[in-house]
Structure formats: structure tokens, C-alpha cells
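First the structure, in the form of C-alpha cells, and then the observations on it.
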Amino acid sequence: MSDYEILDERFAKLIIGHARLERLWTGSRWAEGPVYVPAARHLLWSDIPNDRLLRYVEDDGSVSVFQTPCGFHNGHTLDAQGRVIACEHGGRRISRLDPDGVWRALATQFEGKRLNSPNDVVVKSDGSIWFTDPTYGIDGYYEGAFAESEIGAAFVYRLDPETGETTAVVRDRVRPNGLAFSPDETILYVADTGETHVKDTPRAIHTYAVGADGVTLAEGRLFATCDKGFFDGFRVDWRGNIWSSSADSVRAYAPDGTLIGRIPIPELVSNVCFGGPRRNRLYITAQTSLYSIYLNTHAAGWTPA
Ligand code: MG
């Protein structure tokens, strides 16, 4: 299997021709939610059906169980202080890992109703926490516990860091899933995996222009559609390219929406994140395994010290 499929010359500049895809570990049921913790030089990720968090240590390549049970975590990210923020299917909440080792709830409900099962999360530079809330963690007992949705819909929310209030900012998606901001935070990207529940829902990433207030979103617009499986989680590099999951590969999209290249992966890809001291190592969670590959680009938001 070739390590790359170059569809556009722009992609050739983003890869390192002799850098190979590495399978770092295997043994999960469904790997998701990777987050790189620079202070520890480790990567944490979720093995949702096994209700555990796994840890890959960059220094020696070891993998161990970070926490189990953990409450069926899915997506993770870091806040500006370097604390891990989690989406919990089991607790149906957004939580933060504080320095004392305790996960503390940040968001549990919307308008008095319990959240469905937060799936993916991103922190904006103003400290606000944006997350998606589809039903995958309450649809059955594989990735959480069955429950009827109290909200009766799946929205994208913004948690205000000052007031602690949770507001619905995107209401027009079927099952919003991965999300990320453009490097200048003028665009919010949201993946919709709603075809799992509503036939013919486009397997797509949509863009929402962020208003001058940093809060209000314009109407969603189609950015890209996926012809193999779903866009689940994705990340944005410093030049604004989108690196997304799909059934057969990591797909790279230019900011104009053009599919510029693919990195074939031998398992279903769920999510990616940038790691390494220079954030130029793409970590890839895919079904039973953790993969990585070095790129000639790095994460948005990171600048050399
Ligand atoms: Mg997801």
C-alpha cells in the first residue's frame, strides 16, 4: 500500500515523501478522541466500548491504560491552560481533568434537559468550549447506556467560560460530530454523520462563518462530502488545511474545499490530532489501532518557542 495519494500539488508540499505510516499499537474495540498533552509528551485516546482511556508515551513508545472505567469518554481537547477537556458518553457531560486528578463537570444540560452524549469538543481562544451532542452514546449499551434523548435533537453547543451557560449555536444538523475552527477562528467546521439515523443525510463537513462577536454563526454551507464512510473527527493545520477521518484514509482538504490528497489507512478512521513537540506528527485513531505519520505541516495555534 502506498503511503500517500497525491491528488493536487498542494498536498505534495504538506507531506514528507519518505515518512511512513506507523502502527503504534493495536487492541482496542473502537479507538477515538485523541488528544496530545505536550507537558507529558503523551497522547491520550478513548477505547469507547471498553470504557477506558489509553496513553501512548512518545519518549519510549509504551502504551498503558490511563484510566478505566472512565465513563465512556469520546472526544478530547486541551484548554489554554493545557488541561484535558473530555466528552463523556456515560456521564453525558463535558468535563475537565484538573491538576488533582479529578474530572470535574463543566456542562451537563441544556435548558434543564440532560445532554445526549457529547462527542467532540474544541476550545476557542476566548476560552469558550464548543462541542457536539449526537446520540451515539445513548443509542445502546456498546458506547454508553441506552436512554431516550431528553432534548429530542442533536445540536452544537457553546459553553461560556464566564457564565457557565450552554447555548445551542448550530441546530440544523442531524448528528453533528467532529468540529474545529479555522486558524483565524472565523470559520467553524462541523461534520454531520446523520446518515446513521436519517437516510440520505449528506456525509459531509459544513462551514459556519463566525460573526464579529465571536459567538454568532451564519447559516451553514456545504464544504465537502465523503464518498467512503464518514467524516467523523478532523483537525486543521496552521495553513487552514483540513485533515479528516473517513472509512479508508485520512483525507486532506484545502481551505477552498478541494480534496488534495489521501493517506490510506487499513482500518476505519475515526479521528486525528496533531502531536509531537512541534505538532507535526499526525496521530490517527482507527478502529482497533493507533497510527501516526509525520507531516510537513503542523497544528493550527502552535508557534515555535
Ligand atoms: Mg466523533
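The values are calculated or read from the model by the stated rules, or taken from the named source; none is laboratory data. Keep in mind it's a predicted model, so treat the numbers as computed, not measured. Glycine gets a Cβ as well: all are built from the backbone with ideal geometry, and neighbour counts include every protein chain shown.
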Suppose we filter Asp227, Asp237 for residues that are modelled with pLDDT under 95 and of a type in the set (D, E, K, R); which single one remains?
Asp227
Any residue at all in region 169-186 that's more than 16 Å from the ligand (Cβ to nearest atom), in a strand (DSSP E or B), buried (at least 22 other Cβ atoms within 10 Å of the Cβ) and not basic (Lys, Arg)?
no
Odd one out for Trp45 among (1) of a type outside the set (Val, Ile, Thr); (2) out of contact with any Leu (no Cβ under 7 Å at 6 or more places or on another chain); (3) crowded, with 21+ Cβ neighbours inside 10 Å
(2)
How many residues of region 192-207 are within 13 Å of the ligand (Cβ to nearest atom) and within 16 Å of Pro255 (Cβ to Cβ)? The answer is 1
Do we have Val190 as surrounded by 14 or more Cβ atoms within 10 Å (Cβ to Cβ), out of contact with any Cys (no Cβ under 9 Å at 6 or more places or on another chain) and not charged (D, E, K, R) here?
yes
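Working carefully through the options Asp51, Asp126, Asp79, Asp120, find the one that is among the acidic types (Asp, Glu), touching a residue at least 60 places away in the same chain (Cβ under 8 Å) and surrounded by fewer than 21 Cβ atoms within 10 Å (Cβ to Cβ). Please lay out each step first, then the result.
Working: Asp51 fails: touching a residue at least 60 places away in the same chain (Cβ under 8 Å); Asp79 fails: touching a residue at least 60 places away in the same chain (Cβ under 8 Å); Asp120 fails: surrounded by fewer than 21 Cβ atoms within 10 Å (Cβ to Cβ).
Result: Asp126 is the single residue among Asp51, Asp126, Asp79, Asp120 that is among the acidic types (Asp, Glu), touching a residue at least 60 places away in the same chain (Cβ under 8 Å) and surrounded by fewer than 21 Cβ atoms within 10 Å (Cβ to Cβ).
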Any residue at all in region 38-61 that's over 27 Å from Gly144 (Cβ atoms) and touching a Pro at 6+ places or on another chain (Cβ under 8 Å)?
yes
Restricting to region 85-117, and then to whatever is buried (at least 20 other Cβ atoms within 10 Å of the Cβ) and of a type in the set (Val, Ile, Thr), can you tell me which residue is nearest to Ala299 (Cα to Cα)?
Ile85
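Taking strands (runs of 3 or more DSSP E) that fall entirely within region 208-259, which contain at least 1 residues that are touching a residue at least 24 places away in the same chain (Cβ under 8 Å), basic (Lys, Arg) and within 16 Å of the ligand (Cβ to nearest atom)? If you could, list the steps in order and put the result at the bottom.
Numbers: elements: 221-225, 234-236, 242-244, 249-253.
Once the strands (runs of 3 or more DSSP E) in region 208-259 are filtered for at least 1 residues that are touching a residue at least 24 places away in the same chain (Cβ under 8 Å), basic (Lys, Arg) and within 16 Å of the ligand (Cβ to nearest atom), what remains is 234-236, 249-253.
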Exactly one of Asp200, Asp232 is farther than 19 Å from Ser46 by Cα and acidic (Asp, Glu), and that one is Asp200
